[in-house]
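Colleague: Here it is: the structure, laid out below.
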Amino acid sequence: MEIGSGRIGSCSKEHQKIYQEWFNFADSDNDGRITGNDAIKFFGISNLSRPDLKQVWATADSKRQGFLGFKEFVFAMQLVSLAQEGHQISHDLLNGDDFENIKPPVMEGLDTLIMRKKQSSKSISLESNGSSSNQTSPASQWFSSKSSKKISLSSVTSIIDGLKRLYLQKLKPLEVAYHFNDFVSPLLTNSDFDAKPMVMLLGQYSTGKTTFIKHLLKTSYPGAHIGPEPTTDRFVVVMSGTDERSVPGNTIAVQADMPFSGLTTFGTAFLSKFECSQMPHPLLEHVTFVDTPGVLSGEKQRTQRAYDFTGVTSWFAAKCDLILLLFDPHKLDVSDEFKRVIYSLRGHDDKIRVVLNKADQVDTQQLMRVYGALMWSLGKVLNTPEVVRVYIGSFNDKPVNEAATGPIGKELFEKEQEDLLSDLKDIPKKACDRRINEFVKRARAAKIHAYIIAHLKKEMPAMIGKAKTQQRLIDNLEGEFGKVQRDHHLPPGDFPNVEHFKEILSGYNFDKFEKLKPKMIQAVDDMLGYDIPELLKTFRNPYD
């Protein structure tokens, strides 16, 4: 199954009409989503066994969102039809069948049920004077409405909706009270939750970052420049759009439906070096790519960038689902700027993959030495006892240079390229799990941040010597972190970078900080210990 393939969930116009009517019938609250409860009622009339229906749901909801949209619903119906014909639902079946020509399944008594629903809704609409029901998900209004202090559980129809609700009710008040957005990360918006998974490419200039994206898309994207010198001088987000166009950074950063509003903190100097490249493409419907400027090396490092380059990469790293570090056999040195960039990825080690690109430019013996040298360089920078996964290949549209690599090298590259592509294919499926993971990480960071700020407030004197005490606390910040860690039994690895924290603290008056609010901390603890597990339980496979 191709990543982003249009085959799955597609059908003829005639079948689409039938499925649309079925979908509207099954969608009990008209929010454009079939939840587990909807599915149990509707799928039951197919008369398939529970294990078969469990497999149908698991395959159709491959992203584990806890609901089916229209496309996934069509796919589920196609699987039901195949199961009714006696097929075993497996991955071989997904690769082999022509889904467009599968007939709709037999759903016992469905026509009668639809007719009844139409009649009852007609009478209701006459009574209510023809007012139409709102199709948009209530979750989309949560972030804008001031009144929604409490959001009812009934409006939650997916895991992501549940996380939005928990964020607004339990985590955001803690972040606002202790200025988490100034120190660690901007407050989350609706679009941060709904954004597509992102893949960021990092590497020195000419390691093939832009070519790699072109290779995956099998076409160029608006604003792509390729050359041996540093050609990509800006951060380019390549995402899905109705037509091909490049949108400047300042415009993108203020759009409420885009997850990039947090980048405004890096100022106009950065936003003028940021752009969004939109184009219609099946792969981009599932994944967004972030192409970055080549990391500087040697003499070029002396020319300072006008914005905080490592700060920007760190911001994107927190939002991304996968980070690809690209090297080429002739550029294995890890420059100072590249070191800083890799250090800024701390805490996101699970997302990092290393790609040794353009590997067909050297012969097998040289490649062995290059690989050894790369592992040695990375070992010094990444500071982990485990060996990072390195993919070796030549990610461009030219055939592998067999003259240099020989037949064994060609076979190796093809296998490695397949491995990396399957890693990329898994991104949309794992996106929901990743979102939960990032959310939990954020909640823990916000809690530790609250403890630190409350501790600094507590250490301040009531009357005399405030300025002196504040300076002493800033100078001895590492020691203060140690106290907080001991008082609350927290892991030392979860604490923020001392130097970065000092920098931001110097602009604050500690006296104005909030005291510790145990109720707020308790709310976040309840969320982590009870609400999130409960949410996952609610939206797991309804046939489990």
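Colleague: Express the relative contact order of region 251-372 as a whole percentage, based on alpha carbon pairs under 8 Å and six or more residues apart in sequence.
Modeller: 24
Colleague: Given a 1.4 Å probe, how much area per residue of region 195-398 is accessible, in Å²?
Modeller: Details: 8610 Å² over 204 residues.
So region 195-398 comes to 42 Å² accessible per residue, rounded to a whole number.
Colleague: Two decimals, Cα atoms only, Kirkwood Rh: what is Rg/Rh over region 10-116? Present the calculation step by step, with values, prior to reporting the outcome.
Modeller: Working: Rg = 12.8 Å, Rh = 13.9 Å.
Answer for region 10-116: 0.92.
Colleague: Sticking with this one: Students often forget the sequence filter, so: which aspartates and glutamates lie under 13 Å Cα-Cα from Lys425 once same-chain residues fewer than 8 apart are removed?
Modeller: Within the straight-line limit of under 13 Å, Lys425 reaches these aspartates and glutamates: Glu2, Glu285, Asp321.
Colleague: Ignoring any ligand, DNA or RNA, what whole percent of the accessible area of region 195-398 comes from carbon and sulfur when the probe is 1.4 angstrom? Write out the running numbers ahead of the final one.
Modeller: Values: 4510 of 8610 Å².
That share works out to 52 percent.
Colleague: Report the FRET efficiency, 1/(1 + (r/R0)^6), for Arg340 and His489, where r is their Cβ-Cβ distance and R0 is 45 Å, rounded to 0.05. Intermediate results must be reported in sequence, preceding the final value.
Modeller: Values: r = 32 Å, r/R0 = 0.72.
The formula returns an efficiency of 0.90 here.
Colleague: What does the highest-first list of 54-63, 177-186 look like by mean Cβ count within 10 Å?
Modeller: Descending packing order for the listed peptides: 54-63, 177-186.
Colleague: Is any residue of region 321-349 close enough, with backbone N under 18 Å, to a label point placed 7 angstrom from the Cα of Asp426 along the Cα-Cβ axis, and if so, which?
Modeller: Within reach of a label on Asp426, which here means backbone N under 18 Å from a point 7 Å along Cα→Cβ, region 321-349 contributes 321-325, 348-349.
Colleague: Okay, next question. How high is the relative contact order of region 195-398, in percent, counting Cα pairs under 8 Å that sit 6 or more residues apart?
Modeller: Numbers: 366 pairs, mean separation 55.5, N = 204.
Normalised by residue count, the contact order of region 195-398 is 27 percent.
Colleague: Read phi for every residue in region 175-185 and hand back ³J(HN,Hα) as whole Hz from Karplus 6.51 cos²θ - 1.76 cosθ + 1.60, θ = phi - 60°, with x for Gly and Pro.
Modeller: Rounded to whole hertz, the list is 4, 5, 4, 10, 6, 4, 5, 7, 8, 10, 7.
Colleague: Let me ask another. Please give the Cα centre distance for region 334-389 versus region 469-544, rounded to the nearest Å.
Modeller: That distance is 32 Å.
Colleague: Shifting gears a bit: Between Lys515 and Gln361, with labels modelled 7 Å along Cα→Cβ, what's the label distance in nm to one decimal, could you check?
Modeller: 6.4
Colleague: Enter the accessible area per residue of region 421-496 (Å², integer; probe 1.4 Å; all protein chains in place). List each step's numbers first, then the result.
Modeller: Details: 3880 Å² over 76 residues.
Result: 51 Å² of accessible area for each residue.
Colleague: Ranked from highest to lowest mean number of other Cβ atoms within 10 Å per residue, what is the order of the peptides 460-469, 388-397, 497-506, 166-175? Show your work: numbers first, answer last.
Modeller: Values: 460-469: 10.5, 388-397: 18.6, 497-506: 13.1, 166-175: 20.6.
Descending packing order for the listed peptides: 166-175, 388-397, 497-506, 460-469.
Colleague: Which residues in region 318-356 have a backbone N closer than 11 Å to a point placed 7 Å from the Cα of Lys380 along the Cα-to-Cβ line?
Modeller: Only 333-336 pass the distance filter.
Colleague: Roughly how many nanometres apart are two label points built 7 Å out from the Cα toward the Cβ at Lys13 and Ala269?
Modeller: So the two model labels end up 5.7 nm from each other.
The values are calculated or read from the model by the stated rules, or taken from the named source; none is laboratory data. Note that the coordinates shown come from a computational prediction; the quantities given were computed from them, not determined experimentally. Backbone-built Cβ (ideal geometry, glycine too); neighbour counts: all protein chains shown. Ligands, DNA and RNA are stripped out before the accessible areas are found, and what is left, the full protein with its side chains, is counted by its heavy atoms. Shrake-Rupley method; radii C 1.70, N 1.55, O 1.52, S 1.80 Å.
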